[in-house]
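Data block below; observations after.
Nothing in this text is a laboratory measurement; each read-out follows from the coordinates by a stated rule. Computed from a predicted model, the values in this text were never measured in an experiment. Note that each Cβ is placed from the backbone with ideal geometry, even for glycine, and that neighbours are counted across all protein chains shown.
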Amino acid sequence: MKKAKQTVFRCSSCGHEEPKWLGRCPECGEWNTLIETSTNSHMQAGNKAPNLNLASIPLSAVDPQEGSRISSGIGELDRVLGGGMMKRSAILVGGEPGIGKSTLLLQAAASAETKGRILYISGEESAGQIRMRSDRLGINGDRIEVYCSGLLQDIERILEAVKPIIVIVDSVQTLYAPDIGMVPGTINQMKYCSYELIHWVKEHDGVLFLVAHVTKDGQISGPKTLEHMVDTVLYFEQNEGDTRFLRSSKNRFGSIDEIGLFSMQERGLIPVEDPSSLFLVRREGEIPPGIATAAVLEGSRTLLVEIQALVIPSKGAMSRVFSDTIDTSRISRIAATLEKHTKLRLSDHDIYVNVAGGIRITEVGLDLALAGALYSARTGLPLPAKTFFAGELSLAGEVRPIRRLASRIKAGRALSFTRFIGPSQEQRPRLDELGKAEQEIYTRVADIKAAIQQMVEG
C-alpha cells in the first residue's frame, strides 16, 4: 500500500511547523509565512549520509591545528576574526544592501595570503557584473574563479572540480535544492544548503563565507538558526557618513569585542588606521559646553571619542532621553546619579546624547565622561580643555576602577592631552607601566563630587 503524502505548514521566517495553515505564525508572530511543505521530500533530501570517520581517537592525539589561520590581507578584517580566517570554518556576513559586503569579500579574496584556489559563487550577479566591480576596485582577478549559480547540485560539482581553499557564497538566500520542494530563500532551503556547504569546507580544510541580507530591524533575514550552524557571525554597519563598522556577534576562534573600521572610497573599502581622526574633533582653546572626551576600549584597541550632550527644559510632563549611540537607560542612570549626589536637577529636562563619528559605545569606562558632558550641558560651564576621562560610575556616586587604565592614559598622552581624570585605583593595579609624563597628568577621584570639583577647578 502506497504511503500517503504527508504535509506540514512550515514558517519561512523561523522554521516553526504547524499541522494546518494559519495566517500568523504562533512562534515569531509573522503574517503569511506558513508554507505547505512535503515531509516526505524533506526526509528524502536529508537521507544523504555524510562521509564520517566513525573511529574515535584520544583527545591528546588530536592535531590542535596550529598555524591553520589564513590571513585575509586586510588587517581590520583579521582583527575581528581573531587573527585571520580559521581553516574548516564557516563565516556568516550580514549587512544592509549596498553597505559593502560583496566589496569587502572580493577585496579579501584578492589579497588573501593563500596558495590555494578561491571560488566566488554568485546567485545574484552575473560574471560580467563581478568583473566590473573588480575593475573598479583595481583587483587583479587571476586568483579568483567565478561561478554564477544558486543550484546546490551544480555548486557541489564545481567544488569537487576546483577544490578551493576559500569559498564565497553571495548570497545564502539564493541557494536552493530542488529536492526540498520550496522556493529559494526559505528557511529550510537555507538550512539544508548551508549545512552541505559547511560540511564540504570542514572536510577539505577550506573557509566558507556566507553573505546574508538583513531585515528592516537589522536582523539576518529568516535564518536565525544559521547563526548556530556557523562558527563566526559578522555584521556590517554604517554611520551617517562613509564609515563602516564590522562587528562580531559570535566567534568560536576569537573575541567578539573587536571592531573593524573601514572608509568607503572610490577604490573600495579602506581600513581606518587612525580611529581618533573619526571620533575626535581637534579643538584649540575653550571647548563648547556639553563636550567631553572619553577613553574607551573596543576589544584590544583603545579609542578616544567625543561625547556630546544637550540638556534643555522639558515641554511635557516627563523628561525624555534620546541617543542612537549610547543606551538610553544608561544615560538615565547617570543623570539620576548626578541629580542625587550633586543636587543638579535633570529630571525636568530632555537629554540628547551623541558620540562623534556615530560609533555605538557600551563599555563601562564611558560613565565618567558622560556624567561630565551632562553636567557641562546643564550648567553651561565648559569642561577643561585637553582633558579626558575614564571611569565607571556606581549608583552610590563612586568612581569605580576599570580595566587597562594604563593603556587609556597612554593613548590620551599620545594625542597631546595634558590631563586625565579617572578612578583612584585600577582593577588590576598596573600603573607601574606608566612613565613619569603619564603619571603627572593623572588626577585621581574617588566619587562624582570630587570629579565635578576637578572639572570646575580645571
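Points worth noting:
- Over all other residues within a Cβ to Cβ distance under 13 Å of Asp348, the charged ones net out to +2, with Lys and Arg as +1 and Asp and Glu as -1.
- For the range 69-273: rounded, prolate or oblate by the Cα gyration tensor [a/c cutoff 1.5]: rounded
- Per-residue [θ]222 nm for the chain (sum of -39500 (n - 2.57) over DSSP H runs n ≥ 4, rounded to 500): -8000 deg cm²/dmol
- Total charge dipole magnitude, the chain, about the Cα centre, Cβ charges on Lys, Arg, Asp, Glu only, Debye to nearest 20: 580 debye
- Within the shell defined by Cβ-Cβ distances under 11 Å, the residues around Gly316 carry a net charge of 0, with Lys and Arg each +1 and Asp and Glu each -1.
- Point-charge dipole on Cβ atoms (K/R +1, D/E -1) for the range 278-457, about Cα centre, debye to 20: 100 debye
- Relative contact order of the chain, defined on C-alpha pairs under 8 angstrom at six or more residues apart (%): 12 percent
- Note on the chain: along the principal axes its Cα atoms extend 88, 53, 51 Å, ordered by decreasing extent.
- With coordinates expressed along the principal axes, the C-alpha atoms belonging to the range 278-457 extend over 51, 33, 31 Å, beginning with the largest.
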